[in-house]
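Engineer: To start, I am sharing the structure in question, which I have written as structure tokens.
The values are calculated or read from the model by the stated rules, or taken from the named source; none is laboratory data. Bear in mind that the values here come from a model prediction, so they are computed numbers and not experimental data. When we count neighbours, we look across all protein chains shown, and the Cβ atoms used for this are built from the backbone with ideal geometry, even at glycine.
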Amino acid sequence: MTDFLHALYFILIAGSVFIGLVLLERRHLIRQQRPDAYDTKETLANFSTGVLYKVVDGVFIALVVTVFYDWVRQWGLSWRSPSVVLDFALVFVLTDLLFYWAHRFMHRVRFGWSAHAVHHSSERYNLSTALRQTPMFDLSGVVLLSTIPQALIGFDKNLVVLAFEMNLFYQFFIHTEVVRRLPAWFEYLFNTPSHHRVHHGRNPRQIDTNFGGTLIIWDRLFGTFVDEREAGEIRYGVSARPPRSLNPLHLVFGEFLSMWVDAWRHRDLRIVWKHPDWVNERYPSSAKAFR
């Protein structure tokens with residue numbers, strides 16, 4: 001119950017900050033003669049999916065992640081450190097690295113994409129887009145896999161949960177076109193609005209790039225980094241099949257159901273673990289996946 005209450009407090013505080021900043025950004029863009037940068041119906045849909053995601057996320061962390069973490073931890077090391085600050089720094093960096101690989105998995109495997117497609121399906125890029133999420137991130141088990149290394153090392157689970165939440169909290173602020181470029185040293189080390197705009201692009205040069213959460217150094221190390229100045233014109237959204245409805249339930253579960261419909265129609269379970277574009281290449285007549 002304590003873990004659930006902590007998660008609930010964080011959701012309420014973060015949610016208040018997010019709503020305030022969305023309203024400020026919208027006001028700023030209207031003053032900049034860009035009223036089309038926000039759509040009221042879409043913004044409400046984004047908030048709805050965000051609330052659904054965080055409610056499920058809070059319950060899932062309290063009832064599943066913490067239990068799973070304790071179970072895995074008993075088989076690992078008994079990490080002991082004299083410094084909580086050092087522990088948190090190590091946990092934060094490791095969590096960010098794991099987020100990079102989990103994020104890359106969600107783009108490269110149809111099962112993962114079914115838990116992430118909704119976040120990329122908007123053709124607008126603003127702070128409300130950051131809230132366009134799905135509880136499938138939890139229900140698919142991706143979040144559980146992302147905690148195994150920390151548990152085996154023996155890090156305190158509260159530090160791990162805090163690191164995950166701070167990582168996601170930071171990412172809210174990079175979903176904007178208002179901020180152009182930050183100082184060069186910051187752009188080199190950290191994920192920024194400039195880098196993340198490329199990630200949300202649907203042109204070939206932009207797809208499957210810049211997977212970092214807080215840090216962009218993982219993309220530089222593993223060859224997935226593309227600078228916005230070299231990415232060409234950025235067009236947001238998915239290239240193959242945008243969602244047909246702003247109904248939050250359709251946005252959240254639509255691609256997951258589509259994946260299983262494709263697998264059933266073609267009697268081919270490989271669709272589940274292949275690249276999201278594979279079904280379109282293998283079965284050209286197939287209805288295209290969110291992409």
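Engineer: Output the residues belonging to the range 31-55 that are under 24 Å from ARG235 (Cβ atoms), assigned to a helix (DSSP H, G or I) and over 16 Å from the mean Cα position of the chain (by Cα).
Structural biologist: PRO35, ASP36, ALA37, THR40, LYS41, GLU42, THR43, LEU44, ALA45, listed by residue number.
Engineer: Please identify the pairs in which a residue from the range 227-239 that is within 19 Å of LEU189 (Cβ to Cβ) has its Cβ atom under 6 Å from the Cβ atom of a residue that is of a type in the set (Val, Ile, Thr) and buried (at least 17 other Cβ atoms within 10 Å of the Cβ), counting only partners at least 6 apart or on another chain.
Structural biologist: So the pair list comes out as GLU228/VAL198.
Engineer: Looking at LEU77, LEU94 in this structure, which one is at pLDDT 95 or above and either farther than 30 Å from GLU123 by Cα or not aromatic (Phe, Trp, Tyr) (or both)? Before you say what the answer is, go through the steps one by one.
Structural biologist: Numbers: LEU77 fails: at pLDDT 95 or above.
Criteria check complete, one pass: LEU94.
Engineer: Now for a separate question. So which residues in the range 139-183 are touching a Ser or Thr at 6+ places or on another chain (Cβ under 6 Å), within 28 Å of GLY237 (Cα to Cα) and of a type outside the set (A, V, I, L, M, F, W, C), if there are any at all?
Structural biologist: ASN167, TYR170, HIS175, ARG181
Engineer: Then there is this: Using beta carbons and a limit of 6 Å, which pairs, at least six apart or on different chains, have the first residue in the range 57-82 and free of Cβ contacts under 8 Å to residues at least 24 places away in the same chain and more than 29 Å from VAL252 (Cα to Cα) and the second one in a loop (DSSP other than H, G, I, E, B) and among the hydroxyl-bearing types (Ser, Thr, Tyr)?
Structural biologist: So the pair list comes out empty.
Engineer: Please verify whether ILE174 is modelled with pLDDT of 95 or more, farther than 19 Å from ASN126 by Cα and not polar (S, T, N, Q), treating the condition exactly as stated.
Structural biologist: Numbers: modelled with pLDDT of 95 or more: yes; farther than 19 Å from ASN126 by Cα: no; not polar (S, T, N, Q): yes.
No; evaluated as a whole, the condition is false for this residue.
Engineer: Another question about this same structure. Would you pick out the residues in the range 261-285 that are touching a helix residue (DSSP H, G or I) at 6+ places or on another chain (Cβ under 6 Å), surrounded by fewer than 16 Cβ atoms within 10 Å (Cβ to Cβ) and at pLDDT below 90?
Structural biologist: Answer for the range 261-285, where residues must be touching a helix residue (DSSP H, G or I) at 6+ places or on another chain (Cβ under 6 Å), surrounded by fewer than 16 Cβ atoms within 10 Å (Cβ to Cβ) and at pLDDT below 90: just TYR283.
Engineer: Please determine whether any residue of the range 238-260 is modelled with pLDDT of 95 or more, part of a helix (DSSP H, G or I), on the phi < 0 side of the Ramachandran plot and surrounded by 19 or more Cβ atoms within 10 Å (Cβ to Cβ).
Structural biologist: No, the conditions are met nowhere in the range 238-260.
Engineer: Find the helices (runs of 4 or more DSSP H) located wholly in the range 106-198 whose residues include 2 or more that are free of Cβ contacts under 8 Å to residues at least 24 places away in the same chain and closer than 16 Å to ILE216 by Cβ, and list them.
Structural biologist: On the way: elements: 110-113, 117-120, 136-139, 142-145, 148-153, 157-172, 184-189.
Output list reads 184-189.
Conditions (1) within 30 Å of LYS41 (Cα to Cα); (2) surrounded by fewer than 18 Cβ atoms within 10 Å (Cβ to Cβ); (3) out of contact with any Cys (no Cβ under 6 Å at 6 or more places or on another chain), marked per residue:
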| position | (1), (2), (3) |
| --- | --- |
| PHE92 | no, no, yes |
| THR95 | no, no, yes |
| ASN126 | yes, no, yes |
| ALA130 | yes, no, yes |
| PHE155 | no, no, yes |
| PHE169 | yes, yes, yes |
| HIS175 | yes, no, yes |
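Engineer: Considering only the range 11-69, how many residues are among the acidic types (Asp, Glu) and surrounded by fewer than 13 Cβ atoms within 10 Å (Cβ to Cβ)? Walk me through how you get there before you give the answer.
Structural biologist: Initial filter on the range 11-69 (among the acidic types (Asp, Glu)): 25, 36, 39, 42, 57.
Subsequent filtering for residues that are surrounded by fewer than 13 Cβ atoms within 10 Å (Cβ to Cβ) retains 36.
Selection size over the range 11-69: 1.
Engineer: Any residue at all in the range 214-230 that's at pLDDT 95 or above and closer than 30 Å to LEU44 by Cβ?
Structural biologist: Yes, some residue in the range 214-230 is at pLDDT 95 or above and closer than 30 Å to LEU44 by Cβ.
Engineer: If I go through the range 56-92 residue by residue, how many of them are part of a helix (DSSP H, G or I), closer than 17 Å to ALA151 by Cβ and hydrophobic (A, V, I, L, M, F, W, C)? Walk me through how you get there before you give the answer.
Structural biologist: The first filter runs over the range 56-92 and keeps only residues part of a helix (DSSP H, G or I), leaving 56-73, 84-92.
Among the residues that remain, those that are also closer than 17 Å to ALA151 by Cβ are: 60-73, 87-88, 90-92.
Still in the list and also hydrophobic (A, V, I, L, M, F, W, C): 60-65, 67-68, 71-72, 88, 90-92.
Count: 14.
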